[in-house]
Amino acid sequence: FTAETEEALLEALDRPYISGLTLLGGEPFEPDNQRALLPFLRRLRRQLPDKTVWAFSGYTWEELTGQSRARCEATGALLSLVDVLVDGEFVEEKKDITLRFRGSSNQRLLDVPASLAAGRPIPWEG
């Protein structure tokens, strides 16, 4: 992120008709990406605390909270700034266009604050 990019994103998000930010593409929970996203999400939460943050990850909740190549020093803090996690890789054989907010049946919609509090994945009911 450059300072100009952060400013542009925060300005774009500061509209009443925009409910939040979605992290996807590439892999937001790749360790280098986590380290880059963490300061930005902290700033977003400070400046626009009512905006929601969704993240799509090919990693599962268990991989992000346990021992895996995705887990790094930024993972816990980054997860604490996310509201909803869509976890798991898209699997073409499990593609289902009737699912809400996800593309394949192996992916889950998780309520991150509730999951962190419970110490286990809690489905998002929104």
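The values are calculated or read from the model by the stated rules, or taken from the named source; none is laboratory data. Values in this document were obtained by computation on a predicted structure and should not be read as measured data. Every residue, glycine as well, gets a Cβ built from its backbone with ideal geometry; the counts of neighbours run over all protein chains shown. SASA here: full protein model, heavy atoms, side chains in, ligands and nucleic acids out. Shrake-Rupley method; radii C 1.70, N 1.55, O 1.52, S 1.80 Å.
Summary table below
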{"read-out": "Of the criteria (1) touching a Phe, Trp or Tyr at 6+ places or on another chain (Cβ under 7 Å); (2) among the charged types (D, E, K, R); (3) in a loop (DSSP other than H, G, I, E, B), which one E6 fails", "value": "(3)"}
{"read-out": "Failed item in (1) in contact with a Gly (Cβ under 9 Å, 6 or more places away or on another chain); (2) surrounded by 14 or more Cβ atoms within 10 Å (Cβ to Cβ); (3) closer than 24 Å to E6 by Cα, with L41 passing the rest", "value": "(1)"}
{"read-out": "Count of region 69-79 residues which are at pLDDT 95 or above and open to solvent by 10 Å² or more (accessible area, probe 1.4 Å)", "value": "5"}
{"read-out": "Selection count, region 64-79, where residues are of a type in the set (G, A, S) and outside any loop (DSSP other than H, G, I, E, B)", "value": "2"}
{"read-out": "Members of region 80-107 found to be in contact with a Ser or Thr (Cβ under 8 Å, 6 or more places away or on another chain), open to solvent by less than 90 Å² (accessible area, probe 1.4 Å) and not in a loop (DSSP other than H, G, I, E, B), listed by number", "value": "V84, L85, V86, D87"}
{"read-out": "Criterion (of a type in the set (F, W, Y) and open to solvent by less than 30 Å² (accessible area, probe 1.4 Å)) met by exactly one of F29, F1", "value": "F29"}
{"read-out": "Scan of region 13-56 for residues that are aliphatic (A, V, I, L, M), more than 17 Å from E89 (Cβ to Cβ) and part of a loop (DSSP other than H, G, I, E, B), ordered by number", "value": "I18, L48"}
{"read-out": "Region 114-126 - residue that is open to solvent by 70 Å² or more (accessible area, probe 1.4 Å) and not in a loop (DSSP other than H, G, I, E, B) and, of those, farthest from T60 (Cα to Cα)", "value": "A117"}
